[in-house]
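**Q** This is the structure, below, for whatever I ask next.
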Amino acid sequence: MTPVIELRDASKAYPGGVHALRGVNLTVDAGELLAVVGPSGSGKSTLLHVIGTLDRPTSGTVRVAGYDVATLSDSRLAALRARYIGFVFQHFHLSAGRDAVANVADGLLYAGVPLRERRARAREALARVRLDHRFEHRPHELSGGEKQRVAIARALVGEPRLVLADEPTGALDTASGEVVMEVLRELNAAGTTICVITHDNEIAHALPRRVRCRDGEIVADSRTPAEGARP
Amino acid sequence: MTRDLKPARLAPRDILRVGAVGLRARRARVVLSALGIAIGIATMVAVVGLAESSRADLMAQLDRLGTNLLTAEAGDDVTGQEVKLPKNAVAMVERIGPVRHATATANVDARIRRSDVVPQERTAGVTTQAARLDLLTTLGGEVARGTWLTPAGERLPTTVLGAVAAERLGITRTGEAIMMNETRVVVVGILKPIELVPTLDRVAMVGFPAAERYFGFDGHPSTVFERSTDASVEDVRAVLARTVNPGDEAVVKVSRPSDALAAKAATNEGLTHLMLGLGAVALLVGGVGVANTMVISVLERRQEIGLRRSLGATRNAIRLQFLTESLLLSALGGGTGALLGTAATHGFARSRGWATVVPPWSLAGGLAATLAIGVVAGLYPAIRASRLHPTVALNSA
């Protein structure tokens, strides 16, 4: 089976000699739930951008959902993101003034789904993150944890193969953070591959696989024996 | 796994919806920057509308009055003496084939005073003319009060006053008398303004026989009026001078009174152009306002751009979004401006008693200008937005 993520000797260097990634090799299979941990500046954000095809490596190959990123034009990369990848950001990036359903429906906008279907699927996605009582609420009427769950609903509404979460609990209190991680685990249990970036070791330890970054390299890759259901 | 990845096209409705997102979030700014465009378009639509309404009114007036009236007026000869037209000039003009009516007036040397206590030197700025009985119907004039000259009255010392003449003499009722030289003459009628020949508004008219009997008038007409069929106006014009005064046609001035009205329709064009220019400047300033708003909007919404890119928006989609936003913004201004301009035209036209005419081409032109401004103002910010690197956009504060 094709891995969802496959990095071969991927490096990212910025002009001025900063190496954000140095020859990273990483393979993530479908259905995995992994944490990418490391201190700030370790290159884990760059790793997430490269995996998410928001950025291209300066050398090495990156395959996402089987597509070699280097061979795709900018607009095809956009289509790849629209169809196969969902993003969750630390600061949610919700559109102020628009209700939860509208925000989540935006996750399908660039996949060419008609409005009526977008909104119907947005409601389903909100129900999956246990927010079916918050359809008409706008971001400023929601708590931090609820906002992040709206953002997760937006990421998963297109049923992507891969969800990339960048510090999803970073702006939340512990209790809200736990709910968010629980939602992510549930998604994973339903089959979505999830990659969580965090600097929080506690969160990382609760996940089945942990990849540790330092100075742009992967220094450790450990797995806890599977505890729950994996298809 | 080698399925081709084709970015989905946004439906037109979605393009509009996404373009409107940024506008709905910043309403005050939208109103202010659309206002500039609105003022420009309103000015231009109103200026064109007013010019057209006024022109349409003059044209309607011309239609009503007819353009088939010609006048042949006796000029002065080389010594400065007024030339005398032959007494039978009207009869000769009537013999021109297409001529339907011909009539005449003549200058009469009779000084007019309000009464015999006013000294001779103080005339009222009203002159005396002899008029044939068919003058009124030929010119399409109407009586405001009293009657026009009658076959009996044209032999008696009675007069009909033009509208201005009556005003200058302070006469509002018939039956009053005025002085012509030393003769008391009774006012039997007052005319409404004669639109085609306004000079007749300032005269007091008496019959030809009365003029000869009381004021030593020699019976020679000074102006001949004729109406022909519309199609033959130019043909008649070519022979009129020669017919009226055979032998010395050069001293006869032939004119078409409706030309003066038609010229009036063209006289305001200079002002119209100036106002249009002002409107264009307002429009330009409005366009700069829209461009400014769009540049700021792109700067403020870098995170949104990054998010949309992560959701799968292509550069094209981002460019289209901001271009649409700019177009909507200026279209909002343009639509408001067109409404305001139409309303202003309507209000002003009503106050003048004109029918409101807002030519569709001015609205279409305004709309086209609006859209052009929207594109020009939005293009640069939209391109900047689309070139923003997704990770840079996401990481910007």
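**Q** What are the residues in the range B:23-35 that are surrounded by fewer than 24 Cβ atoms within 10 Å (Cβ to Cβ) and either assigned to a helix (DSSP H, G or I) or not assigned by TED's automatic domain parsing to the domain that holds B:V358 (or both), if any?
**A** Quick first cut of the range B:23-35, residues surrounded by fewer than 24 Cβ atoms within 10 Å (Cβ to Cβ) only: B:23-32, B:35.
B:L23, B:R24, B:A25, B:R27, B:A28, B:R29, B:V30, B:V31, B:L32, B:L35 - these are the residues of the range B:23-35 that are surrounded by fewer than 24 Cβ atoms within 10 Å (Cβ to Cβ) and either assigned to a helix (DSSP H, G or I) or not assigned by TED's automatic domain parsing to the domain that holds B:V358 (or both).
Residue-by-condition table, conditions (1) in a helix (DSSP H, G or I); (2) surrounded by 16 or more Cβ atoms within 10 Å (Cβ to Cβ); (3) at negative phi:
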site	(1), (2), (3)
A:S176	yes, yes, yes
A:E182	yes, no, yes
A:E186	yes, no, yes
A:A204	yes, yes, yes
A:L207	no, yes, yes
A:R212	no, yes, yes
A:D221	no, no, yes
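**Q** While we're here: Would you be able to say whether some residue in the range B:23-31 is free of Cβ contacts under 8 Å to residues at least 24 places away in the same chain and under 15 Å from the mean Cα position of the chain (by Cα)?
**A** Taking every residue of the range B:23-31 in turn, none turns out to be free of Cβ contacts under 8 Å to residues at least 24 places away in the same chain and under 15 Å from the mean Cα position of the chain (by Cα).
**Q** Restricting to the range B:123-160, and then to whatever is more than 14 Å from B:L200 (Cα to Cα), in contact (Cβ under 8 Å) with a residue 12 or more places away in the chain and aliphatic (A, V, I, L, M), can you tell me which residue is surrounded by the most Cβ atoms within 10 Å (Cβ to Cβ)?
**A** B:L149
**Q** Looking at this structure, is B:L240 surrounded by 16 or more Cβ atoms within 10 Å (Cβ to Cβ), more than 14 Å from chain A (Cβ to nearest Cβ), on the phi < 0 side of the Ramachandran plot and touching a residue at least 12 places away in the same chain (Cβ under 8 Å)?
**A** Judged against the criteria, B:L240 is a match.
**Q** Which residues, counting only those in the range A:139-159, are among the acidic types (D, E) and part of a helix (DSSP H, G or I)?
**A** Answer for the range A:139-159, where residues must be among the acidic types (D, E) and part of a helix (DSSP H, G or I): A:E141, A:E146.
**Q** Separate question: Tell me whether the range A:129-138 contains one or more residues that are closer than 20 Å to A:V163 by Cβ, surrounded by 20 or more Cβ atoms within 10 Å (Cβ to Cβ) and at the interface with chain B (Cβ under 8 Å from one of its Cβ atoms).
**A** no
**Q** Then there is this: Hey, could you check the range B:183-200 for residues that are in a helix (DSSP H, G or I) and surrounded by fewer than 20 Cβ atoms within 10 Å (Cβ to Cβ) and say which is farthest from the chain's Cα centre (by Cα)?
**A** If we take residues in the range B:183-200 being in a helix (DSSP H, G or I) and surrounded by fewer than 20 Cβ atoms within 10 Å (Cβ to Cβ), then B:T199 is farthest from the chain's Cα centre (by Cα).
**Q** So which helices (runs of 4 or more DSSP H) are wholly in the range A:8-110 and hold at least 1 residues that are over 19 Å from the mean Cα position of the chain (by Cα) and more than 10 Å from every other protein chain (Cβ to nearest Cβ)?
**A** A:100-109
**Q** Taking the range B:192-207, which residues are more than 13 Å from B:N107 (Cα to Cα) and out of contact with any helix residue (DSSP H, G or I) (no Cβ under 7 Å at 6 or more places or on another chain)? Before the answer, list the steps.
**A** Here is the first cut: in the range B:192-207, the residues more than 13 Å from B:N107 (Cα to Cα) are B:192-198, B:201.
Residue satisfying the conditions is B:P198 alone.
**Q** Still on this structure: Scan the range B:44-64 and tell me whether some residue there is touching a residue at least 24 places away in the same chain (Cβ under 8 Å) and within 14 Å of another protein chain (Cβ to nearest Cβ).
**A** no
**Q** Next question. Please indicate, with yes or no, whether at least one residue in the range B:293-305 is within 14 Å of another protein chain (Cβ to nearest Cβ) and of a type in the set (A, V, I, L, M).
**A** yes
The values are calculated or read from the model by the stated rules, or taken from the named source; none is laboratory data. Since this is a predicted model, take the numbers as computed values, not measurements. Positions of Cβ are backbone-derived with ideal geometry, glycine not excepted, and every protein chain shown enters the neighbour counts.
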